[in-house]
Amino acid sequence: SQAGAVVGRSQPAMSLQIKRLEALVGSELIRRSSREIELTETGMLVLDYGRRILGLNVELQHRLQQSQLSGTVRLGIPNEFAMSYLPQILAGFTRRYPDVRLEVVSQLSRDLLNEQKSQQLDLVIAFNEKTDISAAASWTEELVWVQSGETQLEKQEYLPLIVAPKGCTYRDRMLETLDQKAASWQIVYTGTSYGGIRAAVMAGLGVTALARSTVPTELKMVKQSNLLPKLKNARVSLHFLSNKPSELVRRLADFIKQSVVPVQEG
């Protein structure tokens, strides 16, 4: 009865189908008692092969769909996400769709969204606090303070900050939070690349903020305190170039949502 409900058939119809299968196999597949129904040894064998046959069928359909997809997708991704998410995207998506070429641009979210507006990118992962109908998905990233193990903040007159140029979400969050707490701070290093910012933090020049999911192992997350107050979470969205993206762009968006999006919200 439960199996019938799953496939949309009545219990008698399911029983008849099993009898036909047993006649085809030439052996009893199910052993019934007053309390339970269990598979015979032959039934277990047929079940195992049946699952494998269905799995091969699904795999064949998937491979046929893959072979029909080819072309180029232009993907934009923030600098720091390129270090944490991009290897997984490149390895997984290109293995699944070997005839598809990815062209990747890594910049500040603001610049990526501007490039998309000028129709230079098909799909963009970007920090964006605004609700956008072109967003294929959105999630929140927890922002945390990070430093090297050598940094001694308590001995300094002001909080030394390592930031990206104006327009960076991390920079805005840090300055807004510190100003609300009337904290003393000073920008000691401004880097245009994630690599430069990470190097400055590793050198002990100061602290910065990153999404928790992107913090590299060589940096230390710092617990919130009066000196380093809690940062507000940031919203990240996956944006299409248009409301009617191509099948190829949709496949990449689906792959990103399934494999790298940490917290799905919509």
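The values are calculated or read from the model by the stated rules, or taken from the named source; none is laboratory data. Nothing here was measured: the structure is a model prediction, and the numbers come from that model. Here the Cβ is made from the backbone with ideal geometry for all residues, glycine too, and neighbour counts use every protein chain on show. When the accessible area is computed, the model is the full protein with side chains, heavy atoms only, and any ligands, DNA or RNA have been set aside. Shrake-Rupley method; radii C 1.70, N 1.55, O 1.52, S 1.80 Å.
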> Along the Cα-to-Cβ line of residue 150, 7 Å from the Cα, sits a label point; which residues in region 185-218 have backbone N less than 13 Å from it?
Replying inline: 199-206
> In whole Å, what is the distance between the alpha-carbon centres of region 89-124 and region 25-60?
Replying inline: 45 Å
> Which whole-number value in Å³ per residue fits the convex hull of the alpha carbons of region 179-223?
Replying inline: 106 Å³
> Using the Cβ atoms and a cut-off under 14 Å, what net charge is assigned to the surroundings of residue 47, where Lys and Arg are +1 and Asp and Glu are -1?
Replying inline: -2
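Rolling a 1.4 angstrom probe over the protein heavy atoms, how many square angstrom per residue are accessible across region 161-266?
52 Å²
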> Measuring from centroid to centroid over Cα atoms, what is the spacing of region 131-202 and region 204-266 in Å?
Replying inline: 14 Å
>> Keeping every protein chain present and rolling a 1.4 Å probe, give me the accessible area per residue for region 85-151 in Å².
In response: 49 Å²
> Once both labels are modelled 7 Å past Cα along the beta-carbon direction, what's the residue 111-residue 16 spacing in nm?
Replying inline: 6.9 nm
>> Given a Förster distance of 51 Å, report the FRET efficiency between residue 176 and residue 72 from their Cβ-Cβ distance, rounded to the nearest 0.05.
In response: 0.85
> For the chain, which whole-number percentage of the solvent-accessible area (1.4 Å probe, protein heavy atoms only) is attributable to carbon and sulfur atoms?
Replying inline: 50 percent
> In straight Cα distance, which lysines are under 22 Å from residue 244, not counting same-chain residues fewer than 8 positions off?
Replying inline: 117, 130, 257
> If eta is 1.567 mPa s and T is 4 °C, what Stokes-Einstein diffusion coefficient results for the chain, Kirkwood Rh from Cα pairs, in µm²/s?
Replying inline: 57 µm²/s
> Under Stokes-Einstein, with the Kirkwood radius over Cα pairs standing in for Rh, what whole-number D in µm²/s applies to region 134-266 at 25 °C and 0.890 mPa s?
Replying inline: 151 µm²/s
> Of the residues 233, 57, 243, which exhibits the maximal mean-square fluctuation in a Gaussian network model of the chain defined by a 10 Å Cα contact cut-off?
Replying inline: 57
> How many nm separate the modelled label positions at residue 40 and residue 142, each set 7 Å beyond the Cα in the direction of the Cβ?
Replying inline: 5.6 nm
>> 7 Å from Cα along Cα→Cβ at both residue 192 and residue 91: what's the point-to-point distance in nm?
In response: 3.1 nm
> For a paramagnetic label modelled at 7 Å from the Cα of residue 52 toward its Cβ, which residues of region 19-35 fall within the zone defined by backbone nitrogen distances under 18 Å?
Replying inline: 25
> How long is the gain from residue 23 to residue 158 if the chain were fully straight, where each residue apart is worth 0.36 nm and the alpha carbon distance is subtracted?
Replying inline: 40.2 nm
> Sequence-distant or interchain residues sharing an amide H contact under 5 Å with residue 30, placed H: which?
Replying inline: 40
